[in-house]
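Scroll down for the structure; my scribbles are underneath it.
The values are calculated or read from the model by the stated rules, or taken from the named source; none is laboratory data. Quick caveat, the model's predicted, so the values are computed rather than measured. Heads up, the Cβs are rebuilt from the backbone with ideal geometry, glycines too, and the neighbour counts pull from every protein chain shown.
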Amino acid sequence: MVKRLQNQTGEGSFLHTDIVRNRKEAAEEKLKLLHGSFFGKPLVKFEVGLMRDVWVPYCYLVYQYRLGGNAFFGKKRSFREGKVAVVFDLNEAHPMQYDIYENGDLKFIKKKAADKDRKVIPAGISKNGILERAEQHIQMKVMKRFYGRQGDLKLITKQDFFRPAVELEIIYKEKNVNKRYAYLDEFGIQSEHILGLKYRVEHKS
């Protein structure tokens with residue numbers, strides 16, 4: 001049975017990562033990264049338009065994987081098995097690997113509803129698209145990378161959640177407008193790409 005909390009549709013609780021960063025400092029740090037530098041001089045010139053507090057939609061998925069067997073419930077014993085997790089940015093439709101062995105399951109704060117002072121960003125991908133992209137990512141970036149071939153995947157956890165952020169309107173050459181996000185949770189301290197930079201796969205023989 002897949003563990004899942006319906007929190008984008010109003011059928012369940014609103015889950016989000018904790019706010020631990022200062023809004024102003026997080027925004028300034030993000031802008032500094034966007035500018036880049038070479039001996040202290042900015043490489044990219046742009047203007048900052050509107051700034052607003054937002055909830056960015058994400059999804060946390062955990063799969064059980066097996067290699068060597070024909071099916072999860074078959075008699076043939078697989079020679080490799082374990083768990084592999086993905087954190088999915090639903091706004092930009094981008095899956096990222098998550099080291100569940102080193103970090104454990106993601107921790108969330110549970111509320112009955114979102115804070116009214118933060119805009120909820122809508123998801124930019126369908127529910128079916130999330131699973132398709134997540135499984136494709138695992139097969140290509142994890143299974144083939146570590147084991148040289150695809151494995152059998154079984155979804156065991158799927159949880160929608162939100163990350164608190166400051167949305168920055170970045171204007172290039174006075175006309176090109178892009179949206180960037182300075183995250184306010186603990187993952188924003190490590191990297192805007194949330195964990196996953198240090199990743200490993202463990203298995204049972």
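Quick notes
- Residues that are in contact (Cβ under 8 Å) with a residue 12 or more places away in the chain, closer than 23 Å to Glu135 by Cβ and not in a helix (DSSP H, G or I), drawn from the range 96-107: Met96, Gln97, Tyr98, Asp99, Asp105, Leu106
- Taken over the range 77-116, the criterion of being of a type in the set (A, V, I, L, M) and modelled with pLDDT under 85 is satisfied by Ala113, Ala114.
Here is a yes/no grid of residues against (1) among the aliphatic types (A, V, I, L, M); (2) without any contact (Cβ under 8 Å) to a residue 60 or more places away in the chain; (3) in contact with an Asp or Glu (Cβ under 8 Å, 6 or more places away or on another chain); (4) closer than 17 Å to Val86 by Cβ:
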{"site": "Gln150", "(1), (2), (3), (4)": "no, yes, no, yes"}
{"site": "Ile156", "(1), (2), (3), (4)": "yes, no, no, yes"}
{"site": "Phe162", "(1), (2), (3), (4)": "no, no, no, yes"}
{"site": "Val166", "(1), (2), (3), (4)": "yes, no, yes, no"}
{"site": "Glu174", "(1), (2), (3), (4)": "no, no, yes, no"}
{"site": "Arg180", "(1), (2), (3), (4)": "no, no, yes, no"}
{"site": "Gly188", "(1), (2), (3), (4)": "no, no, no, no"}
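- Exactly one residue among Val56, Val20, Val44 is more than 23 Å from Ala93 (Cβ to Cβ) and modelled with pLDDT of 80 or more, and that residue is Val20.
- Unmet criterion (only one of (1) of a type in the set (D, E, K, R); (2) surrounded by 15 or more Cβ atoms within 10 Å (Cβ to Cβ); (3) modelled with pLDDT under 80) for Lys3: (2)
- Extreme residue, surrounded by the most Cβ atoms within 10 Å (Cβ to Cβ), among residues of the range 116-139 that are free of Cβ contacts under 8 Å to residues at least 40 places away in the same chain and in contact with a Pro (Cβ under 9 Å, 6 or more places away or on another chain): Gly124
- Restricting the range 151-191 to residues that are among the hydroxyl-bearing types (Ser, Thr, Tyr) and touching a strand residue (DSSP E or B) at 6+ places or on another chain (Cβ under 8 Å), the residue that is surrounded by the fewest Cβ atoms within 10 Å (Cβ to Cβ): Tyr172
- Test: residue in the range 130-151 that is part of a strand (DSSP E or B) and modelled with pLDDT of 90 or more: no
- Filter result for Tyr147 (among the hydroxyl-bearing types (Ser, Thr, Tyr) and surrounded by fewer than 19 Cβ atoms within 10 Å (Cβ to Cβ)): yes
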